[in-house]
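The values are calculated or read from the model by the stated rules, or taken from the named source; none is laboratory data. Just so it is clear, the structure is predicted and the values come from calculations on it, not from any experiment. Quick reminder, even Gly has a Cβ in these numbers, built from the backbone with ideal geometry, and neighbours come from all protein chains shown. Heavy atoms of the whole protein, side chains included, go into the accessibility calculation; ligands, DNA and RNA do not. Shrake-Rupley method; radii C 1.70, N 1.55, O 1.52, S 1.80 Å.
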Amino acid sequence: MSGALDGKVALVTGAGRGIGRAIALAFAADGAAVALAARSRADLAEVAGEIRERGGRALAVPTDITQDGAVEALVEHTLTDLGRIDVLVTSAGTAAFGTVADSKPGDWDTMLALNLRAVMVCCRAVLPAMLRQRSGMILNLGSIASKRALPGSAVYTATKTAVDAFSRVLAEELRPHGVRVGVLIAGAVDTPLWDSLGASPPREKMLRPEDVARAALLMAALPAHASLEELTLLPAGGIL
């Protein structure tokens, strides 16, 4: 396995399923050693095994990224075993839909914790290593919901819009230090997330996780003098 990421180390959250899994596999195929983070030990073992069977390097670290101490341990484990962190991909996330009037503030807590706060904590946790290296790429997964008003998605939209804004400011803070920050904004993607949500747009018309992985690889594999800070990827049919 070799490519633009040959010799690099990527840390991918949400790597056990869906988009995160696809990104981890794509990065490994391009030559990166990949640290895999998710809550499910079994899912991580499966992805790590697949990477190793294809000749790649993988480190599986079961982690609940909503716990600050667990995130710090994840980063330390990655640095100890793989030596550095060149790319962080924050693909862990969740969604729940419904009108604001029909929801309760407590219903929002999981999305706020995982989609927003955990992303911010993960970004902060890798900064000491990237600042020492004077290089690195942080890639946060956004959503088209941050660009279009989709009824029933107010809180989800708030989390993704906040990630977008956070990433823009972080990019400016880190620009003088050689660390790049980008947001990959995706339309509907056919992942297991929809299994628990009941009604959904036609899944056969959605993006595939592998489509998002190709876009993530494009952003992460650019040479150091170039930075793709926002990329919007939609199903060919438009917004679902």
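Tabulated data for the structure shown
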read-out: Between segment 143-179 and segment 71-133, the alpha-carbon center distance in angstrom; value: 13 Å
read-out: In Å, descending, principal axis extents of the Cα set of segment 1-91; value: 34, 24, 18
read-out: Count, lysine Cα pairs under 30 Å in the chain, 8 or more residues apart or across chains; value: 6
read-out: Sorted peptide list for 29-39, 224-234, 116-126, criterion being average Cβ within 10 angstrom, highest first; value: 29-39, 116-126, 224-234
read-out: Trypsin sites (Lys or Arg not before Pro) within segment 164-240, DSSP loop, no more than 14 other Cβ atoms inside 10 Å; value: none
read-out: Stokes-Einstein D (µm²/s) once Rh is taken as the Kirkwood radius of segment 96-186 over alpha-carbon pairs, at 37 °C in 0.692 mPa s; value: 234 µm²/s
read-out: Average accessible area per residue (Å²) across segment 71-141 - probe 1.4 Å, nucleic acids and ligands excluded; value: 47 Å²
read-out: Relative contact order %, the chain, counting alpha carbon pairs below 8 Å whose residues are six or more apart; value: 19 percent
read-out: Given charges at Cβ of Lys, Arg, Asp, Glu: the chain dipole, positive-most of A145, N115, P128; value: P128
read-out: Within the accessible area of the chain (1.4 Å probe), percent carbon and sulfur; value: 53 percent
read-out: Packing rank of 138-144, 45-51, 148-154, where each peptide gets the mean count of other beta carbons within 10 Å, highest leading; value: 138-144, 45-51, 148-154
read-out: For volume of the Cα convex hull per residue in Å³, calculated from these coordinates, the label among (i) 131; (ii) 188; (iii) 118; value: (iii)
read-out: The chain, dipole about Cα centre (Lys/Arg Cβ +1, Asp/Glu Cβ -1), debye to the nearest 20; value: 320 debye
read-out: Residue-wise HN-Hα coupling along segment 61-78, computed from phi with Karplus coefficients 6.51, -1.76, 1.60 (Hz; x: Gly, Pro); value: 10, x, 8, 9, 6, 7, 9, 4, x, 5, 5, 4, 5, 4, 5, 5, 4, 4
read-out: Positive minus negative residues near H225 (Lys, Arg vs Asp, Glu; Cβ under 15 Å); value: +2
read-out: FRET efficiency, S40 to D107 (Cβ-Cβ, R0 22 Å, nearest 0.05); value: 0.40
read-out: Debye equation applied to the C-alpha atoms of segment 134-240, log10 I(q)/I(0) at 0.11, 0.12, 0.24 Å⁻¹; value: -0.38, -0.45, -1.33
